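Below you'll find the structure, written out as structure tokens, and then a few comments.
Computed from the coordinates by the stated procedures, all read-outs in this text should not be read as laboratory data. Treat the numbers as computed from the prediction; the structure is a model and nothing was measured. Neighbour counts run over all protein chains shown; Cβ positions are idealised from the backbone, glycine included.
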Amino acid sequence: MTESGKKRLFIKTYGCQMNVYDSSRMADVLAPLGYEAVDGPRGADMVILNTCHIREKASEKVFSELGRLRAFKQERQAEGRDMVLAVAGCVAQAEGEEILRRAPQVDLVFGPQTYHRLPEMVARAARSAGGHLDIDFPVESKFDFLPEETTGTAAAAFLSVQEGCDKFCSFCVVPYTRGAEFSRPVAAVLAEARRLVAAGVQEITLLGQNVNAYHGEAPEGGKDGGTWGLGRLLYALAEIEGLTRLRYTTSHPRDMDDELIAAHGELATLMPYLHLPVQSGSDRILAAMNRQHTAEDYLRIVERLRRACPDIALSSDFIVGFPGESDADHAATLRLVTEVGYAQAYSFKYSPRPGTPAAVEEQQLPETVKTERLAGLQQLLGAQAAAFNESCVGRTLPVLFEKPGRRPGQLAGRSPYMQSVHVALPEVAQQRLIGKLMAVEIEAAFPNSLAGRLCLEAERQSVAAAASCSGSASSSSATTTRISA
Ligand code: 5AD
Ligand code: SF4
């Protein structure tokens with residue numbers, strides 16, 4: 001119990017922003033049952049590990065964490081109390097039975113589509129010994145059962161608009177762990193966005209495993225009828241008063257349609273940053289990955305995006321060492337990176353995931369080759385990101401302050417280009433500025449962040465104007481992990 005007499009809930013989140021969103025919704029579902037979030041597992045009444053299965057390392061981490069938690073659970077039991085131990089998310093979905101077998105201390109295992117049933121599951125776990133498994137893909141949508149969110153007090157929030165994926169890239173577990181593509185109706189998305197803004201949120205990031213495949217049911221009486229794509233949805237969201245910034249992630253090149261690209265040129269609230277994974281620069285490998293686009297297709301999309309929004313900062317995901325990848329294929333990836341010029345990017349060694357077609361390909365590459373290729377690619381991407389951050393020094397960028405920085409006396413926020421920006425400020429001033437969009441003069445660049453000071457003169461000007469696409473800005477570097485596409 002906490003001092004307020006509530007039960008202690010600790011949720012540890014692995015992986016992508018979709019999991020971050022799901023974790024906060026789990027907290028919402030459990031709040032009426034008297035659970036209050038705490039920031040460590042020791043002494044908790046309930047611990048949830050919200051897991052990621054995208055690469056092997058991610059799921060192995062879960063099993064080692066479960067070993068550590070067993071000791072805390074035994075400690076609680078020795079005091080005559082209990083700790084409900086739950087595994088949620090994609091590892092739960094993919095390896096439910098295996099978790100209960102390898103970790104008998106686990107009480108609940110549930111997938112990403114069933115956490116609206118948590119109260120029922122918790123009650124069942126309290127009544128009966130032995131682990132309980134709920135990894136259905138239920139016919140009802142969890143969104144119809146979740147309470148209104150209570151976590152909308154931060155300056156920036158996530159809003160899930162789409163889940164699942166029908167693309168079936170040959171390396172990826174998402175279509176199996178998250179299921180078929182599903183879009184929330186436009187009316188539900190707009191209502192949630194309005195609630196978030198009313199609670200003080202200024203920046204909304206729309207989430208989906210394949211977010212630009214969004215095709216939500218149009219609002220009743222809407223003149224467009226049928227369904228809306230993501231572009232149309234962004235135009236509608238941009239009308240919400242008080243909403244100053246919009247972002248979306250993660251996108252697939254095949255779904256970058258004309259309306260979405262146009263939105264990047266026309267909506268001042270749509271931030272000039274896009275995470276658009278390409279995975280490889282070799283057409284042969286892209287075909288083997290079942291990506292359904294060529295390197296040239298991707299480059300043309302980048303060209304159109306830059307025409308619409310000249311300062312757009314681009315980010316991507318890359319996989320090196322996919323089965324059968326030759327030196328020439330890898331060189332094609334390096335060429336594509338050079339041609340695009342990324343503001344930041346994520347790159348991974350190919351990790352065979354059970355149940356995916358690429359995992360049973362014969363030409364798996366040795367670890368040493370993957371390591372060497374990854375180092376080469378990361379060197380190039382790192383140099384591009386550093387140059388990009390460096391190009392911001394001396395400029396004034398609008399920064400939405402979100403929280404205290406990692407070091408004492410720092411306040412942290414994000415630039416339009418997703419860079420983390422920190423300024424040194426006395427603590428009293430910090431509180432006043434959290435949730436505010438302020439002009440910051442950038443004084444220094446680091447590999448993953450920028451540092452600057454408040455620009456008092458620009459403070460008086462409209463910082464929103466500086467955030468618009470037609471501005472002269474050009475940089476980005478994000479630090480969070482993302483969802484696939
Ligand atoms: N091996 C390595 N990287 C992967 N990703 C997805 N599946 C795998 C895998 N089997 C990467 C992709 C994707 C990102 C979220 O994770 O680059 O875009
Ligand atoms: Fe879908 Fe993205 Fe996975 Fe491809 S990589 S299957 S688009 S989630």
Lys pairs, the chain - Cα-Cα below 18 angstrom, 8 or more residues apart or on other chains: 9
Where Rh is the Kirkwood radius over Cα pairs, Rg/Rh for the range 58-127: 0.97
Coordinate range along principal axes, alpha carbons of the range 153-270, Å, largest first: 42, 33, 28
Overall Cα dimensions of the range 368-424, principal axis frame, Å, largest first: 43, 24, 15
Cα convex hull of the range 153-192, projected area averaged across orientations, nm²: 4.0 nm²
Burial ranking of peptide ranges 201-214, 306-319, 70-83, 438-451 (average Cβ count within 10 Å, highest at the top): 201-214, 306-319, 438-451, 70-83
At 1.002 mPa s and 20 °C, Stokes diffusion of the range 351-397 via Kirkwood alpha-carbon radius, µm² per second: 156 µm²/s
Unit charges on C-beta of K, R, D, E only; dipole of the chain, Debye: 1080 debye
Taking only Cα atoms of the chain, radius of gyration then Dmax in Å: 22.7, 65
Efficiency of FRET from Cβ geometry, Ala444 and Ala262, R₀ 45 Å, rounded to 0.05: 0.80
Estimated inter-spin distance, Ser64 and Thr338, nm [label 7 Å along Cα→Cβ]: 3.8 nm
Kyte-Doolittle mean at least -1.0, axial Cα span of 30 Å or more - DSSP H helices of the chain: 367-390
Length gained when the stretch Val360-Val428 is fully extended (0.36 nm per residue, less Cα-Cα span): 18.7 nm
Equivalent ellipsoid, the range 108-200 (semi-axes from 5 times Cα gyration tensor eigenvalues, Å): 26, 22, 11
Förster-model FRET efficiency, 35 Å R0, Ala198 and Arg101, C-beta, rounded to 0.05: 0.15
Proxy reagent accessibility, fewest Cβ within 10 Å first, across Leu276, Leu380: Leu380, Leu276
Equivalent ellipsoid dimensions for the range 7-134 as semi-axes, Å, which come from the Cα gyration tensor, largest first: 20, 17, 14
Separation of the Glu372 and Gln292 label points, Cα + 7 Å toward Cβ, nm: 3.6 nm
